[in-house]
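K.L.:
Right, I'll just put the structure down here and ask away after.
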Amino acid sequence: MNEIKNKSINDHIPILRDKTVELIKQYIIKNDCSNILEIGTAYGYSAYEMSKLDVVKHIVSLELNKGNYEIASSFLKDNKKIKLVNESAFTFESKERFDLILIDGPKSHQEKLVEKYKLLLQPQGLMIIDNVYLKKFDSLPTLTKNQKKLVDNVNTFRKWLLDTQNAEIIDIDDGVAVVYNKNTNL
């Protein structure tokens with residue numbers, strides 16, 4: 001479904017980079033992750049990529065932006081593994097527990113998201129968080145006030161993750177954090 005990827009690129013909608021997608025797929029297979037929660041659907045590219053794996057049986061994907069949600073719905077309408085939800089990650093509630101939670105959504109208040117969603121992990125579950133470096137700003141000669149604040153927030157978040165969680169940072173693409181729950185296969 002290169003159509004989702006191409007439309008995302010043409011519309012300047014951020015998507016997971018290829019190495020990150022492959023890394024996530026490896027974790028899914030290695031840890032037998034059949035039930036996945038994704039925070040940040042965008043146009044549905046990463047949900048679609050994960051749904052191609054046989055081990056994956058069910059994906060719940062949250063998207064706050066109504067326009068993005070509608071585009072993802074049109075692309076994924078025939079995919080029975082994916083349930084799209086047009087709701088904020090900060091208000092979403094679930095009784096379901098997940099093997100994998102992918103956070104590729106809002107970069108502010110990420111600590112709150114980790115704390116909230118860690119409670120929805122299966123005992124052997126893991127959480128993967130994209131964009132923990134924001135390398136795209138490294139090549140800019142100067143940063144705006146908002147860009148500096150975002151970089152500072154992400155740097156603070158990365159330090160918090162390493163100091164307070166059973167986590168590792170993998171230096172591929174724009175940086176990926178993996179937060180392990182008990183008994184997760186590394």
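The values are calculated or read from the model by the stated rules, or taken from the named source; none is laboratory data. None of the values given here were measured: they were computed from a predicted structure. Cβ coordinates were reconstructed from backbone atoms using ideal geometry, including for glycine residues, and neighbour counts include every protein chain displayed. Remember, those area values only see protein heavy atoms, side chains included, never the ligands or the DNA or RNA. Shrake-Rupley method; radii C 1.70, N 1.55, O 1.52, S 1.80 Å.
K.L.:
Tell me which residues, restricted to region 77-105, are without any contact (Cβ under 8 Å) to a residue 40 or more places away in the chain and in contact with a Gly (Cβ under 8 Å, 6 or more places away or on another chain).
P.N.:
I82
K.L.:
Quick check, is I24 within 25 Å of I172 (Cβ to Cβ) and either open to solvent by 20 Å² or more (accessible area, probe 1.4 Å) or at pLDDT below 95 (or both)?
P.N.:
no
K.L.:
Another question about this same structure. Go through region 13-39 and count every residue that is assigned to a loop (DSSP other than H, G, I, E, B), within 21 Å of K57 (Cβ to Cβ) and within 13 Å of the chain's Cα centre (by Cα).
P.N.:
Result for region 13-39: 1.
K.L.:
Sticking with this structure for a sec: Please indicate, with yes or no, whether at least one residue in region 107-129 is at pLDDT below 90 and of a type in the set (A, V, I, L, M).
P.N.:
Within region 107-129, none of the residues are at pLDDT below 90 and of a type in the set (A, V, I, L, M).
K.L.:
So D54 ticks every box in (1) outside any helix (DSSP H, G or I); (2) of a type in the set (D, E); (3) open to solvent by less than 80 Å² (accessible area, probe 1.4 Å) but one. Which box is left unticked?
P.N.:
Looking at each condition in turn, D54 falls short on (3).
K.L.:
Which one of S34, S108, S8, S74 is open to solvent by less than 80 Å² (accessible area, probe 1.4 Å) and in contact (Cβ under 8 Å) with a residue 60 or more places away in the chain?
P.N.:
Every option except S34 fails the conditions.
K.L.:
Within region 136-158, is even one residue under 19 Å from S46 (Cβ atoms) and open to solvent by 50 Å² or more (accessible area, probe 1.4 Å)?
P.N.:
yes
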